[in-house]
Structures are given as C-alpha cells and as structure tokens.
Amino acid sequence: RGIGSIRLSPSAMRATRMMSCPSARRWALKLQKYPTQRFGGPGTAAVPSCSPPRCWFGVIRDGWEEHMPEYSITRKQRKIRERTEEQNRMRTRSAKNINKALKATDEFVGMEVVFLGTAGNMPTAFRNCSSLALRMEGSTYLFDCGEGAQSQILRSPRLSFASIDKIFVTHMHGDHVFGLPGLLASVTNAKKESRQAGKEQPPIDIYGPQGLGEYLNVMGMTNTFETKPRFNLHELKDPDYVGGKRLHHQIKTSGPGAGVFDVCEDDKCVVKAVMLPHAPNMKSIAYVVQEKSIVGRVDVKALSARGVLPGPIYKRIKNGEKITLPNGDVINGADFLGPRKPGRKIAIVMDNKNSEGVVDLAYGADVMIHESSFEAGLRKVAEKKGHCTSKMAGETAREAGVKQLVLTHFSNRYALLNSVPGLPGVDLLVDEAMEAFRSDNVVAAIDFMSIPITRASSD
C-alpha cells in the first residue's frame, strides 16, 4: 500500500516501556534523534526515519507517533513541532501574495520586471541561475546572466534578444556570469539580423565589476564565435580590487568618499550603484534604476480658450517653449502643463552580507529586489557565506521606505512553497520578511514571474 504510518500494538508498547530488548532500545534511541520523515505537508502520512527491529511483529498502520511513549519526544522536538504548526498557519497569507503576482495582468504598463532565474548558487529543477530583466518601452536592461539565461529568454514571451541594449553584472561568481558568453553571441546575431533589415543597432553596453573584462577576454580567445560579439564594456573601479591589467573603460565614484557610482544615463533612465560586502576579496554591486520624470498633461481647455487647437503646436508646448500665436499673443508652454509625472524607481540588491549601504540610494523605491538566501535562524550561516537572510532583507526594505519587496536568490534547501516533501517552502522566508518589513507587500519570485511597475499619478 505504499508508504504509510505505524502504530504500535499494546504488546509492543509494553515492550518499549520495559526496554527489555536491545534492538528495541536502539530503535527508540534512533527515533529520539530522528523522529519522523513527513511526506506531503501537514495532515499527511508520517513514517519513522528507521525501520523497526525484527522482534516487533505487532505493528499496524496509522498514527504511530501518537502512541509512542512521551519520553521518546524531546523538548527540542516538541518546540520544532509547535514552530511548524505556527508556520503552517501563516502560509496562507504569503501564498496569496505569490498567487497575486503570478496572476499579474498581461497589459504592459511601460515598465516591468521579468525573472529569468531565482535560484542560489546552483540551479534546481524549478529555478534557474540568477538573472532578471527590466523591460521598458523599446529597450530591456538585463541584470546578471547565470547559466541558461538565453534559454530562459527564448521561453519568455515578453523578451527578445534584439531588445537587450544594456547588461549589468553584480559580481563575478559563476552563477551570475556563466551564461554571458553565449548570451552575447545570441544578442549579436539578433542585432545583426536587425541591421540587415535596415534597423540601426548599436553595440550592447555591459557594466560590471573589475575582472569582467578579463573574463570576457579569455572567453573570446578560447572560443570561436561565428560572429564576434559587439559590446562596450564599462567596469566599476574598486579601490580594493586585486587583479590583472586595466582593459576597458572604468567608472569611478561620483565624489570623494561618496561611494556612489554614476553608472549610465540615457533618455529614459539614470542608473547609479554602490558596492556592498559579499565574499572575501569580492564586493557585490547594488544597482538603482531611476526613471526620468515626464511632462504632465496638456491643459486642452485653457489652450482652446486662447484659440490654440490640437496639432503639431502641442509638441512645442510640451517642450515648454514660448510660442507666438497668429493674433500676436505670446504664450509660455510650461504654463499649460500639469504637474510632472514622477519616474519609477527600482533597486536590485543581489548577493551581499550587509545591505545597509544601499538604503540611502534606494530610498523611496517602488520595488526593491533583494536576495534572501536563508531564513533568520541561519544568520550565522548566511554571514559566513556572504549572504542575507529574509529578515535582513525586510529590515533593509523598511529602512529604505520602499513600496514593495521581492525576494529572490533562494538556497536550494527551500522548496517552491510546500510542493516538495521534506523541505521548508520559501513562504517561510516571505513570512519572516513581512514581519521585518512591517508590511504584507512582500512576494517570493519564481522563474518567469512578471511584476508590473505602475507610475504614481503626480508629485
């Protein structure tokens, strides 16, 4: 009948209490250390972690742990059970948030985050290595490029190789850069086809830590590409970096002691960054993307009262120009515009062991994407490995005053919700982050999840 549970017969119970049998004694001691293995979550079958001795013939199924003597259940095991029951009661709230994010509307609101990989240092059956895309109108920013990122892009209906114009790398660990050479080849081929179709496609821009240029240089020398990847590389200068020669353009901090990098700026966004501690001799770059504000709505009624009808002249009004009307009147376009619409702000904070350095730069962000490798109880393990706990992520989000916190980069010890027997789900991390963030607006990312970022109405 498959895996079931065991209940001891009265005679077996007496044998257990008396402990007259050496085999029974050993089995009881082993059960005391490793009591159960549970399959399928709360309310489902539980089995002993070891088989009973041959001298026990009076065993039947169902509910064995309820009939075990009390001395076989230690105080520590009882606390674990109580904690598990409390976590199960809290799962519903975090599950609702995840379902809400998964059911996000397909309507594009001008900016969204698409997760391509949400695993920790190695992929799992359900999660790819770290990578996410910030999709905007006419362009896409890619943050990190773990192994298999280009396959994930092919599977995503929201992304394409040709739309990627900037790549940002947080640090040089393999789970964040191993997919970069292959992706560059695919992006170059896609842009080559666009150029052949008559569409001008400039080289892709890559931003990252020192050492990224050497890595790409070695990959280029040891691999034969049918079409050589075209890109401009910009390295953020780290004064503590110990490495090879300078190969590419380097970006320095904006001022002495400021610690903030002015990474890049285009007609849509301004990208800044700070360095956070991660591993020995390695820092991780936290990026903050600030969308530029846009002009407010044109006051059509006021213009109509002045005899100005909709047409090409509205473009000059939006630019705030002074315009001479046919009747000789001069109007200032800025006087007929509503309040400017503020730009959206996104903070990407990946592997680090202390994210306090990004609080000021990310203050007021609409969305903060923060790594959450471990639960709060494993803080010492997290710090030793250079990572954050879910509680630390929630505290950083609260201090930065962000509106929404999205957790990613999960250790493979955490299952997708409660879907894998024997593993705690990431909803445990969500609950801890909620408590530290003091808000329910927390969600655990999964691969191919899309989070729309809406614009505030006005200042």
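The values are calculated or read from the model by the stated rules, or taken from the named source; none is laboratory data. Just so it is clear, the model here is predicted, and its values are computed rather than measured. Every residue, glycine as well, gets a Cβ built from its backbone with ideal geometry; the counts of neighbours run over all protein chains shown. These area figures cover heavy atoms from the full protein model, side chains too; ligands, DNA and RNA do not enter into them. Shrake-Rupley method; radii C 1.70, N 1.55, O 1.52, S 1.80 Å.
Within the stretch 266-291, the set of residues being in a strand (DSSP E or B) and either more than 18 Å from A365 (Cα to Cα) or touching a helix residue (DSSP H, G or I) at 6+ places or on another chain (Cβ under 8 Å) (or both) comprises V274, M275, L276, P277, H278, A279, M282, K283, S284, A286, V288. For the stretch 349-360, residues that are part of a loop (DSSP other than H, G, I, E, B) and touching a residue at least 60 places away in the same chain (Cβ under 8 Å) total 6.
Please determine whether any residue of the stretch 361-372 is at positive phi and not in a strand (DSSP E or B). Looking for residues that are at positive phi and not in a strand (DSSP E or B), one finds at least one in the stretch 361-372, hence yes. Kindly list, by first and then second residue, each pair from a residue in the stretch 424-451 that is of a type in the set (D, E) to a residue that is part of a loop (DSSP other than H, G, I, E, B), limited to pairs with Cβ atoms under 6 Å and residues at least 6 apart or on different chains. Partner pairs satisfying both residue conditions: D427/L417; D447/T118; D447/R127; D447/N128. For the stretch 131-144, filtered to residues that are part of a loop (DSSP other than H, G, I, E, B) and modelled with pLDDT under 95, the residue that is most open to solvent (accessible area, probe 1.4 Å) is E137. If you go through the stretch 404-432 and keep only what is farther than 17 Å from L116 by Cα, modelled with pLDDT of 85 or more and open to solvent by 50 Å² or more (accessible area, probe 1.4 Å), you end up with just R413. Taking the stretch 326-348 as the search range and keeping residues that are over 30 Å from A393 (Cα atoms) and touching a residue at least 24 places away in the same chain (Cβ under 8 Å), which one is least open to solvent (accessible area, probe 1.4 Å)? Checking each candidate, the answer is I331. The lone criterion from (1) out of contact with any helix residue (DSSP H, G or I) (no Cβ under 7 Å at 6 or more places or on another chain); (2) at pLDDT 85 or above; (3) among the acidic types (D, E) left unmet by E226 is number (2).
Taking first residues from the stretch 383-394 that are in contact (Cβ under 8 Å) with a residue 24 or more places away in the chain and partners that are acidic (D, E) and in a strand (DSSP E or B), the Cβ contacts under 6 Å between residues at least 6 apart in sequence or on separate chains come to C388/E371.
Screening S373 on (1) over 29 Å from V177 (Cβ atoms); (2) in contact (Cβ under 8 Å) with a residue 40 or more places away in the chain; (3) polar (S, T, N, Q) shows it passes everything except condition (1). Which condition number does Q150 fail, the rest of (1) in a strand (DSSP E or B); (2) in contact with a helix residue (DSSP H, G or I) (Cβ under 9 Å, 6 or more places away or on another chain); (3) open to solvent by 30 Å² or more (accessible area, probe 1.4 Å) being met? Every listed condition holds for Q150 apart from (1).
Note down all Cβ pairs under 6 Å where the first residue falls in the stretch 395-418 and is farther than 15 Å from E435 by Cβ and small (G, A, S), the second is open to solvent by 10 Å² or more (accessible area, probe 1.4 Å) and part of a loop (DSSP other than H, G, I, E, B), and they're at least six residues apart or on different chains. Pairs that qualify, where the first residue is farther than 15 Å from E435 by Cβ and small (G, A, S) and the partner is open to solvent by 10 Å² or more (accessible area, probe 1.4 Å) and part of a loop (DSSP other than H, G, I, E, B), are A400/V359; A400/Y363; G401/Y363; G401/G364; A415/L423. Scanning the stretch 373-417 for residues that are part of a strand (DSSP E or B) and among the β-branched types (V, I, T) yields a total of 3.
Would you mind stating whether D459 is modelled with pLDDT under 90, acidic (D, E) and not in a strand (DSSP E or B)? Criteria met by D459. When residues in the stretch 137-166 are screened for being over 20 Å from A286 (Cα atoms) and either in contact (Cβ under 8 Å) with a residue 60 or more places away in the chain or out of contact with any strand residue (DSSP E or B) (no Cβ under 6 Å at 6 or more places or on another chain) (or both), 17 of them pass. Among all positions in the stretch 194-213, there is at least one residue which is at pLDDT below 90, more than 27 Å from E265 (Cβ to Cβ) and outside any loop (DSSP other than H, G, I, E, B).
Please enumerate the residues belonging to the stretch 322-341 that are in a loop (DSSP other than H, G, I, E, B) and closer than 25 Å to C269 by Cβ. Within the stretch 322-341, G338, P339, R340 qualify.
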